[in-house]
Amino acid sequence: SPAHLKELQAIKEQTMREQGERYPVWVLDKIGTDVMVANRIAMGPGLTGPRFRWVSYEDAFMYPLNNSELLARSPVDEFLFKREDALLTRYLKNLAIEQPKTLDEYLSQVVTPTMERQKSAGAIGIKFEMAYLRSLETRKVALDDARQVYAKYVAGAAPDPADYTRLQDFLFRYMAKEAGRLGLTVHIHTGGGGTYNFNLGWGDPVRLDSALNDPDLRKTTFVLLHGGIPNPQNISYLMSKPNVYADFSFQDLVLPPRALSAVLRQWMEAYPEKAMFGTDIGPDNWEEQGWVAGETTREALAIALTGMMRDGEITRPKALELARMVMRENAMKLYGIH
């Protein structure tokens, strides 16, 4: 009831005051989460190691030119691309540098130094929300081709869409390769999105095939966030690639345990060492969302593993091993958390 919700909010605010900066860790203890991987521009008060690990945002680097035509596509795009413009401006300010005039300077003076600074500041990965902005499909673009596009439009004219896409393709793969060199895992939003005009085709994880198969990116580890919902069945095939993992974040917030158990069973029967728990919780009511995601996943795992035992696929000790892998140990191994 409204009265109960008001009372609940008052208790939460009182607890936040009592706990102070320790409140985020207090929440993790309550929801049964040891370590939370947090996607942030920068880590805020209380979000410190070893309980919180940082994954930075990098989409802004893909849009270094005049984005006025992208902002004009829709009100949602205007909001999203203004945010990317602001983040790139922030990164440039952090380096005390103006927009470079050449692509080589942009890469060597802005993109790589920022990624190196993020790594030094404790980042364990980088995240792309690319599917909200464009298709996940990228082609391999030569450096000279990308240089020409950057030079043609850096003075301020809005780029031709096809030209801009080629530059974006190059920049995504450049950052993915740099992430591999730096030991940063690449997180990519896959599947559906949270805006009214989200293009579901853009987020289809199979569109990543070309990048995932790129020999130049073999040293880069990719995590396909959200498991491609509403079509998570494709993920078990993509996980066959040696450098590809997936989490089922968001699925455990929108699917009931029985439905989620079908996804988990398919993944565990294929590549159990590649499947990872996640939440995708936002800043509002993240405490309740984290609890729901954890409880839903534990119940879904119990359903899936019990079915696998009853069908003679695994023993009970193996079921317990798989549960620990999915909920904890796969991520610890991937991110080097001890």
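The values are calculated or read from the model by the stated rules, or taken from the named source; none is laboratory data. Only a predicted model underlies this, so the values are computations on that prediction, with no experimental measurement involved. Heads up, the Cβs are rebuilt from the backbone with ideal geometry, glycines too, and the neighbour counts pull from every protein chain shown. Note: areas computed on protein heavy atoms with side chains; ligands, DNA, RNA excluded. Shrake-Rupley method; radii C 1.70, N 1.55, O 1.52, S 1.80 Å.
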Inset, instruction - Would you mind checking the tilt of helix 2-19 against the longest principal axis of the Cα atoms of the chain, expressed as 0 to 90 degrees and rounded to 10? - result: 80 degrees
Inset, instruction - Take the cross-link list 101/177; 152/241; 6/119; 82/152 and give me the ones stretching past 30 Å between alpha-carbons. - result: 152/241; 6/119
Legend entry - Cα gyration tensor, the range 252-291 - rounded (a/c under 1.5), prolate or oblate: oblate
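Which whole-number percentage describes the relative contact order of the chain, with Cα contacts under 8 Å and a sequence gap of 6 or more? Please report the intermediate quantities before stating the final value.
Details: 471 pairs, mean separation 42.6, N = 338.
Computed over the chain, the figure is 13 percent.
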Legend entry - Segment residue 306-residue 9, length gained on full extension (0.36 nm per residue, minus Cα span): 103.1 nm
Inset, instruction - Return the single residue from 261, 74, 56 with maximal mean-square fluctuation; model: Gaussian network over the chain, springs between Cα atoms under 10 Å. - result: 74
Inset, instruction - Working from Cα positions, state the angle (0 to 90°, nearest 10) between the long axis of helix 257-270 and the longest principal axis of the chain. - result: 70 degrees
Inset, instruction - Would you kindly state how much longer the chain becomes between residue 148 and residue 35 on full extension, computed as 0.36 nm times their sequence separation minus their alpha carbon distance, in nm to one decimal? - result: 36.3 nm
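What number, rounded to the nearest 500 deg cm²/dmol, is the helix-based mean residue ellipticity at 222 nm of the chain, given -39500 (n - 2.57) per DSSP H run of at least four residues and division by all its residues? Please report the intermediate quantities before stating the final value.
Values: 15 runs with 164 residues, N = 338.
Taken over the chain, the calculation gives -14500 deg cm²/dmol.
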Legend entry - Cα gyration tensor shape of the range 285-338, rounded if a/c is under 1.5, else prolate or oblate by comparing a/b with b/c: oblate
Inset, instruction - Using per-residue counts of other Cβ atoms within 10 Å, averaged over each peptide, order 161-172, 195-206 from highest down. - result: 161-172, 195-206
Inset, instruction - Take the Cα of residue 158, step 7 Å along the line toward its Cβ, and report every residue of the range 51-73 whose backbone nitrogen sits under 12 Å from that point. - result: 66-73
Legend entry - Degrees separating the helix 286-310 axis from the principal Cα axis of the chain, which is the longest one: 60 degrees
Legend entry - Loop sites in the range 215-320: trypsin sites (Lys or Arg not before Pro), DSSP, at most 14 other Cβ within 10 Å: 218, 219
Legend entry - Taking the range 38-103 and dividing mean pair separation by its residue count, relative contact order in percent (alpha carbons under 8 Å, at least six apart): 23 percent
Legend entry - Among [x] 134; [y] 146; [z] 126, the entry derived from the coordinates for volume of the Cα convex hull per residue in Å³: [y]
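Test of the criteria: in the range 44-125, which trypsin sites (Lys or Arg not before Pro) are in a DSSP loop and have at most 12 other Cβ atoms within 10 angstrom of their Cβ?
On the way: sites: 51, 53, 73, 82, 83, 90, 93, 101, 117, 119; in loops: 51, 73, 101.
Taking the range 44-125 and a limit of 12 other Cβ atoms within 10 Å, the loop trypsin sites (Lys or Arg not before Pro) found are 101.
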Legend entry - Percentage relative contact order, the range 157-304, counting C-alpha pairs under 8 Å, at least six apart: 19 percent
Legend entry - Accessible area of the chain divided out per residue, in Å², using a probe of 1.4 angstrom: 48 Å²
Inset, instruction - Using a/c under 1.5 as the rounded threshold, could you call the range 135-217 rounded, prolate or oblate? The axes a ≥ b ≥ c are square roots of the C-alpha gyration tensor eigenvalues, and prolate needs a/b larger than b/c, oblate otherwise. - result: oblate
Inset, instruction - Just the number, please: carbon plus sulfur as a percent of the accessible area of the chain, 1.4 Å probe, no ligands or DNA/RNA counted. - result: 54 percent
Inset, instruction - Using a 1.4 Å probe and counting only protein heavy atoms, arrange 54, 26, 267 so the residue with the most accessible area comes first. - result: 26, 54, 267
